[in-house]
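Report on one structure; see the data block that follows.
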Amino acid sequence: SALDYELSHYKTPVTPLDILPREIAIRVFRACTELGIRTVAVYSEQDRGQMHRQKADEAYLIGKGLLPVAAYLHIPDIIRVAKENNVDAIHPGYGFLSERSDFAQACADAGVRFIGPSPETVRKMGDKVEARSLAISAGVPVVPGTDGPIASLEEARLFAETYGFPIIFKAAYGGGGRGMRVVKEYEELEENYQRAYSEALTAFGNGALFVEKFIERPRHIEVQILGDKYGNVIHLFERDCSIQRRHQKVVEIAPAADLDPNLRDRLTSDSVKLAKQVGYENAGTVEFLVDKHGKHYFIEVNSRLQVEHTVTEEVTDVDLVHAQLRVCEGRSLSELGLIQEQIRVNGCAIQCRVTTEDPARGFQPDTGRLEVFRSGEGMGIRLDSASAFPGAVISPHYDSLLVKVIASGKDMATAAAKMHRALSEFRVRGVKTNIPFLQNVLSNSQFLQSTVDTQFIDENQDLFIMKPVQNRAQKLLHYLGHVMVNGPTTPIPVKAKPSSIDPVVPTVPMGEPPLGFRDVLLREGPEGFAKAVRAHPGLLLMDTTFRDAHQSLLATRVRTQDLKKIAPYVSHNFSNLFSLENWGGATFDVAMRFLYECPWKRLQELRSLVPNVPFQMLLRGANAVGYTNYPDNTVFRFCEVAKENGMDIFRVFDSLNYLPNMLLGMEAAGRAGGVVEAAISYTGDVSDPMRQKYSLEYYVHLADELMKAGTHILCIKDMAGLLKPESSRLLISALRDRFPDVPIHVHTHDTAGAGVAAMLACAEAGADVVDVAVDSMAGMTSQPSMGAVVACTKGTSLNTGVALEKVYDYSEYWEVTRGLYAPFDCTATMKSGNADVYENEIPGGQYTNLHFQAHSMGLGNKFKQVKKAYAEANKLLGDLIKVTPSSKIVGDLAQFMVQNNLTGKEVEERAEDLSFPLSVVEFLQGHIGVPHGGFPEPFRTKVLKSLPRMEGRPGATLPPLDFDALEAGLRLSHGNDITTEDVMSAAMYPKVFEEYKEFTKNFGPVDCLSTRLFLDGPKIAEEFEVEIERGKTLNIKALAVGDLNKSGQRGVFFELNGQLRSVLVKDNVAMKEMKFHPKALKSVQGQVGAPMPGKVIGVKVKPGQKVTKGQPLCVLSAMKMETVVNSPLAGVVTVIHVNTDSSLEGDDLIMEITAEE
């Protein structure tokens, strides 16, 4: 008999074969293992590394040569594997063939059991039109819809005209949200019909659609049913699947919250009634829509196990997969102890589908390699996953489900709390996930306190305001791996390694630091502060160690971390300093460009560590902290934000001593509430009667103008160290006589070695403050020695009040710290100061930078020529005041001359034909102001030819910057964590800020790394600690660097907090070796070569374009210097060998031009 047949098979355990490469396969295998059943898996070629094949007892390849989806839809191959390996039963899982009646029939024809309903039942339930008809005959309410699949768009139009919009297209032979489209108005009908048809055809192999009236704002409630081979059917209550996006479920809950008991009874009764009518066996789901009036409508039957079956298992304690297997063997529900009256719901369960999708981009799927996977665990948490493990590759072939997280509790609030906690424990790196979105759902008051409908996600757009994932640890490993493979990320001028010795911070006393001059400033304001300075007995010092000293000696590369370490010591032991110069100038640019730090964060952190000493910055007048002019409102806003972040004294200067530019900066600093220190940039020699362009009268007259403008302090800024003792006495005495009540502050560099003598002469002549640097950071291109000035004035009326023994300890810290910056130290090639500075007049900071740039551009052996060319370039440009940015202009011209072997005379003679650096051209146009004595002629006219000239203050004609628009754009690009300080950084350096943000996006904040690790990376087997925030320390060990793969990447392996981590890093050198750029042949007319090494930042022409002689072709950039490459002849561009971002060496071929005939 049939019963005997079934029972005999029940006595022989089946061997199921699963066909789905996801978490459901592993779910079934686990159930089989618990029941003692052997398991067999199938997999596609692309799924060789998937976990499901490893969890099975046996695994076999199917669909060789086919795409992944096609492989799992290849029925003959699946049946072949089943027959060849003595498989008794096949579990179809869900998706793919799980609801295909032809597959169920193929199994039956092959003598293999299909773990699910009979082929006929699968056919009836899979045909949504027939299922609808069966529901109607069973007395189950349905949504108005077509009786069968529609054959054309015209039938859809007729239905819409009959029932009105909105309507919904549904795939007739599949589910899961695919082939489903809502149409709200006539204009959308055709497009959505085509989309739904295409999706259904792709997903299910059949594009047939039917149409229903769309129920607005329904709840999506489904009932779990289970039938045996003897006509018995039970339900296991309902699940609420209303939280959906694009008709795909995101969160499922069992039981449905606040469901009317009578409605629950109707839903479950109708489900059982419909199942019995079709003779349903095995597991299935009957889905309904419930409208706002509590009326329910049948949607469909899913004749398979659902993704969300887990929540039903948790609240009923029924293992649905066990039941499926036992029912397939022939057991009755009563034999399994599954009696309707005994099925109870206990507590609440929530399932979240963690997917590799980006909710911020419309749930766009993400693919890639899982670098890190750490799940949430604990009481009440269940995980069903398959491909979630470190190293797993998330492919684009299947849907984006990564892992199902199920939380159980006594009620919904408890389950939601457990779920939120579990999700917060997840760490998924390498691909984006929807976890932040799910956390927002679980925190939503509507979700927690009331019922939700299918419009919940669409109507709660705040769900998409997600807290960014920090991912700090993995990003740091990426950075360290990058350095280990490719070397330092910041340009290195000399081949020297950072010292392996870490500095020791001198002991800092407990408690608050002593009061200092900042307390005077805060109490009495800028005017009172200036009076206190003038009345102070003895000589006051400004310490430049935190800015100009390392700018001059170490190419501005000192990182915030090393400043922070010593800052408390300075605060406690040097409270009587006039100020601590720690910001502005080149530090702002370099912090972002080369150190990947936020300059504002540096200011904020140092302010918290040094509350008692005034901070001083360098403000380039109308140029703020940039190299160009800004709209006036930008300069004013910059000073406001700087003051708000802790800046006190603004040393305002202009690179040409151009008064209109200085006055703007002074007004901006004063209006912000800062102390205004107007600085006159010094050049020439007031003691030399033969050099009278910049005479004593010139400086006194300029000081008069600055005093009229309301400066609080008058400063002489001797940026090249040109002040000799005699010129110091002459200049300061004249200013002191002229302005007896104003404090005078003098700044110099010690390039020639006479800095201490000059500063002592200034002090004796009446200067109140002089600039010094701590001994180990002093001398040469830096400032005079702090220790020397302190010792020389001790016991005199100029006594500084600074304890010499504290200077020794301070100096020792910096001596060791300086070793960390060996790759940037000017002493690598420059062993002493040089009195030739009196001739070339190169500013101290630029002296080091020029040296740095010369080495970077292959001119290290020609530095003497560069210095000589600098003096010639200065003369060509009219003998300028030389300080940033005017000094950069002179330096650019000097390097250009050396690179092209040009003398000053040759430059002047060939000025009309040469492609000058962009900075030189813009200077001559008037972009930075008007130099004292006017522009050099006829040089200016020759260079500019017909280019426009600018009259007056350059920034005066610039329209105000729209800060609101800038901020909006930044938020759009970088998210809502953009700060006021970020906006200012972008206003100052738009491109550098974007590059900085891109760096931090990829590598995170690297300022927590030690300087040696930042520059050189770790050695193999080295163990170290990184504190990413207070109380959070990473223990890292570098393990190995792997071989080059086909993509030009290397695997870099670490141990992070005891766990293995790996990152893939592109090997830049290997990639570059794969390509060689042609060189321009000077003997071939029309071949245009790069005049210097650099990066192409703009191509101005196209192939086939006619060009005239001197027409700009492209712009190159290297080490802050931009050069326009002009056409050497008139003709037609035939070939362009570069594009934007191309990196070039000198003489690399840029383009080819055919001369006009």
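Here, each number is a calculation from the coordinates, and none is a lab measurement. Computed from a prediction, not measured in an experiment: that's the story for all the values here. All Cβ positions, glycine included, derive from the backbone under ideal geometry; neighbour counts span all protein chains shown.
Between amide H atoms placed 1.01 Å from N, distances below 5 Å from Ile167 occur with Val183, Phe214, all of them 5 or more places distant or on a separate chain. Across the chain, Cα pairs under 8 Å and at least six residues apart give a relative contact order of 8 percent.
Amide H contacts of Val1135: Glu1152, each under 5 Å away and 5 or more positions distant or on a separate chain (H built 1.01 Å from N in the peptide plane; Pro and chain starts excluded). Axis of helix 963-974 versus longest Cα principal axis of the chain: the two differ by about 50°, to the nearest ten degrees. Sequence-ordered 3J(HN,Hα) estimates for the stretch 511-524 from the Karplus curve with 6.51, -1.76 and 1.60 and θ = phi - 60° stand at x, 6, x, x, 5, x, 5, 5, 5, 5, 4, 5, 7, 10 Hz, glycine and proline given as x.
Charged neighbours of Glu377, selected by a Cβ distance under 15 Å, balance to +4 (K, R count +1; D, E count -1).
Which of the three applies to the stretch 581-626, rounded, prolate or oblate, going by the alpha-carbon gyration tensor with a ≥ b ≥ c and a/c under 1.5 meaning rounded? Verdict is oblate for the stretch 581-626. By definition, a body whose alpha carbon gyration tensor gives a ≥ b ≥ c is prolate when a/c is 1.5 or more and a/b is larger than b/c, and the stretch 705-814 fits this prolate description. When Rg and Dmax are taken over the Cα atoms of the stretch 837-957, they come to 13.9, 44 Å. Close amide H contacts of Val431 (hydrogens built in the peptide plane, cut-off under 5 Å, sequence separation of 5 or more or a different chain): Glu371. What is the angle, in °, between the Cα long axis of helix 844-856 and the longest principal axis of the Cα atoms in the chain? Nearest 10 is fine, range 0 to 90. The answer is roughly 50 degrees. Counting only lysines at least 8 places from Lys83 when in the same chain, those with an alpha carbon closer than 24 Å to its own are Lys11, Lys55, Lys64.
Mind running the shape call on the chain? Use the C-alpha gyration tensor, a ≥ b ≥ c as the square roots of the eigenvalues: rounded below 1.5 for a/c, prolate if a/b tops b/c, oblate otherwise. Cα axes put the chain in the prolate bin. Residue by residue, the stretch 458-472 carries 3J(HN,Hα) couplings of 4, 8, 10, 5, 5, 4, 8, 8, 10, 5, x, 6, 6, 6, 5 Hz when phi is fed to the Karplus relation 6.51 cos²θ - 1.76 cosθ + 1.60 (θ = phi - 60°); x denotes Gly or Pro.
Among 399-405, 831-837, how do they line up by average Cβ neighbours within 10 Å per residue, starting with the highest?
Sorting 399-405, 831-837 by mean packing, highest first, produces 399-405, 831-837.
Straight-line cross-link partners of Lys467 among the lysines, defined as a Cα under 19 Å from its Cα and at least 8 positions apart when in the same chain: Lys432, Lys475, Lys997, Lys1001.
Note on the stretch 749-806: Kirkwood hydrodynamic radius from all Cα pairs is 11.3 Å, rounded to one decimal. Counted over the chain, the DSSP beta bridges are approximately 70% antiparallel.
Rounding to the nearest 10 and keeping the result within 0 to 90°, find how far the Cα-based axis of helix 23-35 lies from the longest principal axis of the chain. The helix 23-35 is inclined about 50 degrees to the chain. Straight-line reach from Lys531: taking Cα to Cα under 20 Å and skipping same-chain neighbours fewer than 8 places apart, the lysines in range are Lys708. The HN-Hα couplings worked out from phi for the stretch 226-231 by the Karplus form 6.51 cos²θ - 1.76 cosθ + 1.60 (θ = phi - 60°) are 8, x, 10, 7, 10, x Hz, whole numbers, x standing for Gly and Pro. Here the stretch 694-740 and the stretch 34-103 have alpha carbon centers that stand 88 Å from each other. Its Kirkwood hydrodynamic radius, worked out from the mean inverse distance over all distinct Cα pairs, puts the stretch 216-346 at 14.8 Å.
The helix-based estimate of mean residue ellipticity at 222 nm for the chain, built from -39,500 (n - 2.57) per DSSP H run of four or more residues and divided by its residue count, is -11000 deg cm²/dmol to the nearest 500.
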